[in-house]
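What follows is a set of notes on a single structure, which appears directly below.
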Amino acid sequence: MMLLRTAEKDDLKDLAKFIQEEGIEVEASFPQNLEVVVAREKDNILGFVTAELVVLDPHIRHLYMKPALRNKKFADGLLRAIMFYMLNRGFGWVYADHNTEISGYLSHFGFTADPSGKDRLALEIDPFFSRGCEGCNSAKKEPVQL
């Protein structure tokens, strides 16, 4: 059974090993305001998402799922988890850099050009969850504890 949760101290050690084993290119050090959600199955990290939680400018920075688990909606779960976390902390919008490896995926998820005119993708979080999705219980009924 896969578990999604905000990364704890032990998760970060395992995540560093996972990033190295998967050959993922990330910054040498994460900023202090970076929130990480990991997908785990027992002792194994299967994927992660990071968001830099800057007031008025929160950004999705990374989204990665093991290749064997892609196209099975697991990455959707990671993205929904970090956005629900952000919504519960009062963030109204989430942004992502344009022209990155995940920008195409985020566009399919509902991210569009930033209405402020900045060169980035944007998504208003609350209306996103109000729309729901096929095959999941995303409409705000019961919060997911992260």
query = How many lysine pairs does the chain hold where the Cα atoms are under 19 Å apart and the two sit 8 or more places apart or on different chains?
reply = 8
message = For a distance above 18 Å, tell me the whole-number percent of Cα pairs in the chain that qualify.
response = 56
ask   = Hey, got a sec? Which trypsin sites (Lys or Arg not before Pro) in region 89-126 land in a DSSP loop and have at most 12 other Cβ atoms within 10 Å?
value = ARG89, LYS118
ask   = If you count, for each residue, the other Cβ atoms within 10 Å and average over each peptide, how do 48-61, 1-14, 101-114 line up from highest to lowest?
value = 48-61, 101-114, 1-14
key: About the Cα centre, charge dipole magnitude for region 1-137 (Lys/Arg +1, Asp/Glu -1 at Cβ), debye   = 380
For TRP93, residues with placed amide H under 5 Å, excluding near neighbours = ILE125
Packing rank of 63-74, 36-47, where each peptide gets the mean count of other beta carbons within 10 Å, highest leading = 36-47, 63-74
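Every number in this text was worked out from the coordinates using simple rules, so none of it is lab data. Predicted model only: the values in this text are computed from it and were never measured. FYI the Cβ positions are ideal-geometry reconstructions off the backbone, even for glycines, and counts take in every protein chain you see.
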